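Note sheet for the following structure.
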Amino acid sequence: MFEISVETQFAAAHALSIAGMREPVHGHNWHVTVTVAGRTLDSDGLLCDFHTVESALKELVSRFHNKDLNGEAPFRDGLNPSAENVARVIAEELGAGLDLSPHAAITSVRVTEAPGCAATYRP
């Protein structure tokens, strides 16, 4: 199995609802790591071009940069903007926008919202 990882970051605020109570709006410097894996390489000896994943990831997270996630799609529709949900949204939207087949697939998205506090989603 081969794996590549691409990282980026963005700054955004959010306010979680926990047990029915909404916490105050606060900001994070979110760090995102996307891992792509596959069993075979293409004819160039690549699982996937780093730049392809990096470009798509940066374009995706640019929608959230310097925003309040509670007011940005898809979170404006009531999805709690937890690190877990941010990781899932990134994985699903990035996966839908990247054609990695037949060699590779996104295997995880890790979102760190503060040092020592990370959530990982595995599609």
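If I filter region 37-50 for residues that are of a type outside the set (Ser, Thr, Tyr) and under 14 Å from the mean Cα position of the chain (by Cα), do I get at least one hit?
The answer is no; no qualifying residue exists.
Mind checking which strands (runs of 3 or more DSSP E) fall wholly inside region 16-123 and carry at least 1 residues that are modelled with pLDDT of 95 or more and closer than 14 Å to Ile4 by Cα?
It comes to 26-38, 105-114.
Residue by residue, here is whether (1) closer than 23 Å to Gly116 by Cα; (2) small (Gly, Ala, Ser); (3) in contact with a helix residue (DSSP H, G or I) (Cβ under 6 Å, 6 or more places away or on another chain) holds:
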site: Gln9; (1), (2), (3): yes, no, no
site: Ala13; (1), (2), (3): yes, yes, no
site: Ala37; (1), (2), (3): no, yes, no
site: Thr40; (1), (2), (3): no, no, no
site: Ser43; (1), (2), (3): no, yes, no
site: Glu54; (1), (2), (3): no, no, no
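Yes/no matrix, rows are residues, columns are (1) at positive phi; (2) loosely packed, with under 14 Cβ neighbours inside 10 Å:
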site: Phe50; (1), (2): no, yes
site: Glu54; (1), (2): no, no
site: Phe64; (1), (2): no, no
site: Leu69; (1), (2): no, no
site: Gly78; (1), (2): yes, yes
site: Ile90; (1), (2): no, no
site: Leu94; (1), (2): no, no
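Applying the selection to region 35-71, what residues are of a type in the set (Asp, Glu) and in contact (Cβ under 8 Å) with a residue 24 or more places away in the chain?
Hits for region 35-71 are Asp42, Glu54, Asp68.
Within region 103-123, how many residues turn out to be over 22 Å from Ala12 (Cβ atoms) and in contact (Cβ under 8 Å) with a residue 40 or more places away in the chain?
4
The values are calculated or read from the model by the stated rules, or taken from the named source; none is laboratory data. None of these values were measured; they are calculated from a predicted model. Don't worry about glycine lacking a Cβ; one is built from the backbone with ideal geometry, like all the others, and counts go over all protein chains shown.
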